[in-house]
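What follows is one structure encoded as structure tokens, with my remarks underneath.
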Amino acid sequence: MKKRIFRFAALAVILVISPVMAYSEDDMQDMVVSEDFTEEYSEDIGEGQDDLADDEYTGLISDLSENTLFIAASDDDDDGDDGDEEETEETEETEKDPEAIESVSIDNVYFMLQSGTKPKYSAKVTHGNAAIRYEGWSDEGGNVNYSSSASYQDDDIKFTKFEKDQIYTYHLSIIAEDSDYFTETTRFWINGSAYLGTLNTAKTICTFDNIFSGRAECLHEYKTYEVEATCTTPGREYKRCTYCGDEITIKTTPETGHNYELDEDKSVEATCTRAGKEVYVCGNDNCGNIYEKLIPALGHHLVYDVDDPATDTTEGTYTVKCNRDDGACGYQEKSWTIFPYKKIKLLKEKYPYTGSAIIPSFRVVDSIGKTVDPKFYTVVCFHNKNIGTATLHLTFSGRYSGKMKKTFQIVKGRQTITVKSASITVPKADVKKKTIRVSLGAKAKTKLTYKSKSKKIKVNKKGVVTVKKGTKKGTYTITITAKESKNWKKATKKIKIKVK
């Protein structure tokens, strides 16, 4: 009996190994469970083996249907070449009878088509005696990507990640475990929804094609970033998608502008003859921008260093030199002659009285006829307000020393008589009805008197003119006189009164 079992198992090994090399998994399973294979296998056993127990045969066929290879180790040599015969202890295993699977639940299937990412395979069998055989995605061009458990699939054409706007289709295959099998009534649940799959001949594999089809798009996942404002660029707070880089601005802040500070070490001072520059460096963090301001050459700051001041009778000398930086420049010209001042030349000798102090227009000339700069003398006047002789006193300084004086005359001033109007018109129609009175409004520096040559036109001492009723048409004259005084000359003014 032991020898029969061994021969039967050995033949099973040969029969199983050969088809696996030449057929696919589905074909192999179909062949194992077919009646032709059973009959052919029975004939190969030969005569005298009919006493093989039905239960042993049935168990072997069940093992073959699951592609299980049994290799038994025993001594089957009838001649007994080895001498001692070793007895092999056989361990009987209790095998589970195949059962129909009523339902299978697959959860955690990832249907998200996130562009730019690799397909994610995460399906799990949460109910039913089955396992995930493979998960896969295919695109419109026939390119595929399967989970690692489907490594026997064609690996020549694959895509590595979902491309935006491409359409992809999801596929799933599951396999029954422990010799169990699916039936036409087996219910399949994927992520809680019922689906119909395609069973293989042996009903141990169920494949689901086109479970889900969709277009790959970016399911944005944003992270927040902040860029601080700089001197020249505005700041920005924004969100960026970690997948596609899409950005959404939250808020912006204006640029800070440069904060320039004078860098004395890099700056160069200007001199009398050489230009300089001021170098300013931005003190803001991470900037260091430099701004330069050119400073033109200063030029010499000339002063007149008087060696000997001139007087009204003697010459003097002075030297022109640069005194910038306390004379550090060193520039100096030759000595110059200062000619003596000679006289004061008045613009005019007499000035009319004004009621205020009078400073006459004049200039000082030196011995060669050139005007002496007024900055070298000061002026004081005496008795220069009222009529009479006034005196002009000059005190010299700087290039000159000494004093001079000059007299001038203040004479009576000319006064002006002012009135509201130099010509007054009175309508004849008004005079025909009544007497008309008009004020002249005259003013002057001295007392005023008024005189009219017509008896019909009278004027009082206050300058009010009376045009009597019935005065005929015509032009009448009133003379206003300002009396002469100590300081003012006499003045007169004529006013026209017109009746028409």
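Full-extension gain between Ile387 and Ser367, please, as 0.36 nm times their residue separation minus the C-alpha to C-alpha distance.
Going from the current span to full extension adds 3.9 nm.
Determine the gain in length on full extension of the stretch Glu140-Trp336; use 0.36 nm per residue of separation and subtract their C-alpha separation, reporting nm with one decimal.
60.0 nm
What FRET efficiency do you get for Lys434 and Lys350 if R0 is 60 Å and r is their Cβ-Cβ distance, rounded to the nearest 0.05?
E between Lys434 and Lys350, to the nearest 0.05, is 0.70.
Quick one: Karplus J couplings for the range 333-346, per residue in order, coefficients 6.51, -1.76, 1.60, θ = phi - 60°, nearest Hz, x for Gly and Pro?
Result, ordered by residue: 9, 6, 6, 10, 8, 9, 7, x, 7, 10, 7, 9, 9, 7 Hz.
Once you treat every alpha carbon in the range 275-388 as an equal point and sum by Debye, what is log10 I(q)/I(0) at q = 0.11, 0.23 Å⁻¹?
Calculated log10 I(q)/I(0) at the listed q: -0.66, -1.22.
For a label point 7 Å from the Cα of Ala229 along Cα→C-beta, name the residues of the range 245-267 whose backbone N is under 14 Å from it.
In the range 245-267, the label zone of Ala229 (backbone N under 14 Å from the point 7 Å along Cα→Cβ) covers 251-259.
If amide hydrogens are placed 1.01 Å from N in the peptide plane, which non-local residues have theirs closer than 5 Å to the one on Gln415?
Placed amide hydrogens put Lys489 under 5 Å from Gln415.
Return the long-range amide H neighbours of Tyr134 (sequence gap of 5 or more, or a different chain), with a cut-off of under 5 Å between placed amide H atoms.
For Tyr134, whose amide H was placed from the backbone, the distant partners under 5 Å are Ser173.
Could you list log10 I(q)/I(0) for the range 341-411 at q = 0.16, 0.18, 0.22 Å⁻¹, which the Debye formula gives when each Cα is one point scatterer?
Debye output, listed in q order: -0.55, -0.67, -0.91.
Quote the FRET efficiency, to the nearest 0.05, computed for Glu177 versus Lys239 with a Förster distance R0 of 60 Å and r equal to the Cβ-Cβ distance.
0.80
Using modelled backbone amide H atoms (1.01 Å from N, in-plane), which distant-in-sequence or interchain residues come within less than 5 Å of Ser115's amide H?
Glu217, Cys218, Leu219
Considering only C-alpha atoms, what is the centroid distance from the range 422-463 to the range 301-340, in Å?
71 Å
Kirkwood-based Rg over Rh for the range 420-459 (C-alpha set), two decimals?
On the Cα set of the range 420-459, Rg over Rh gives 1.01.
Could you pull the Cα extents of the range 103-215 along its three principal axes, largest to smallest, in whole Å?
If we take the Cα atoms of the range 103-215, the spans are 40, 29, 19 Å.
Volume per residue, Å³, of the convex hull around the alpha-carbon atoms of the range 423-499?
For the range 423-499, the hull spanned by Cα atoms encloses 71 Å³ per residue.
At 7 Å along Cα-to-Cβ for each site, give me the label-to-label distance between Glu264 and Val380 in nm.
4.8 nm
Just so you know, all these numbers are worked out from the coordinates, no wet-lab data involved. For clarity, every value in this text was computed on a predicted model and none was experimentally measured. All Cβ positions, even for glycine, are placed from backbone atoms using ideal geometry, and neighbour counts span all protein chains on display.
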